[in-house]
Every structure is written in structure tokens, then in C-alpha cells.
Amino acid sequence: MVWKPLETEAVRIDEIDYTYLPELIGDLRSDFALKDETKDEALEMLRFDEVIDVLERSVKACLGETDC
């Protein structure tokens, strides 16, 4: 697949720091590539406590308290 360059436009939104957009775009490209690799795999159902654990680890990683 050929990706055309995406241009970022600086727009002031209090909740969003546009300087993170290039990294976000790269992450999205990776996600779409992984989607194709795993399309034939069965869905994994998580228990409620597993969902909470994933969310807590994600928050800690975003806050820089731990690595993913």
C-alpha cells in the first residue's frame, strides 16, 4: 500500500497538542498494518478485571510511570 504524506495543520484546541500528530499518524499506520495481519484471528474476550488492568497499565504508560 502506498501512503501519501499527510500534512498537519496547527489548530488551537485546548485538549489537543498538535505536535503529537505526526507520532499519532505513525501509530495509526501501524494499527492498520496489524489489522490486516490479524484479520483471520478469533476475537479475544476479556473479563472485567482484565479490562481494568489494561486501562490502568495504559494510563500509567501515558503518564510515564511505566513502559508498555
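The values are calculated or read from the model by the stated rules, or taken from the named source; none is laboratory data. It should be emphasised that the depicted structure is a prediction, and the values quoted were computed from it without experimental measurement. We place every Cβ from the backbone using ideal geometry, glycine too, and count neighbours over all the protein chains shown. Side chains are part of the model used for accessible areas, which takes the heavy atoms of the whole protein and leaves out ligands, DNA and RNA. Shrake-Rupley method; radii C 1.70, N 1.55, O 1.52, S 1.80 Å.
Just the protein heavy atoms count here, and of the accessible area of the chain at 1.4 Å, carbon and sulfur take up 57 percent. Each residue of segment 51-64 was assigned a 3J(HN,Hα) from its phi angle through the Karplus curve 6.51 cos²θ - 1.76 cosθ + 1.60 (θ = phi - 60°); the sequence is 4, 4, 4, 4, 5, 5, 5, 5, 4, 4, 5, 5, 7, x Hz, with glycine and proline shown as x. Scalar couplings 3J(HN,Hα) for segment 22-29, obtained by applying the Karplus form with A = 6.51, B = -1.76, C = 1.60 to θ = phi - 60°, are x, 5, 4, 4, x, 4, 5, 4 Hz; x denotes Gly and Pro. At the residue level, Thr19 shows approximately 90 square angstrom of accessible surface with a 1.4 angstrom probe and all protein chains present.
For the chain, the solvent-accessible area with a 1.4 angstrom probe is 102 square angstrom per residue. Other residues lying with their Cβ under 15 Å from the Cβ of Phe32 contribute a combined charge of 0, Lys and Arg counting +1, Asp and Glu -1. In summary, the convex hull built on the alpha carbon positions of the chain has an orientation-averaged projected area of 7.1 nm². Taking all protein chains as they are arranged and a probe of 1.4 Å, the heavy atoms of Asp40 leave approximately 140 Å² accessible to solvent.
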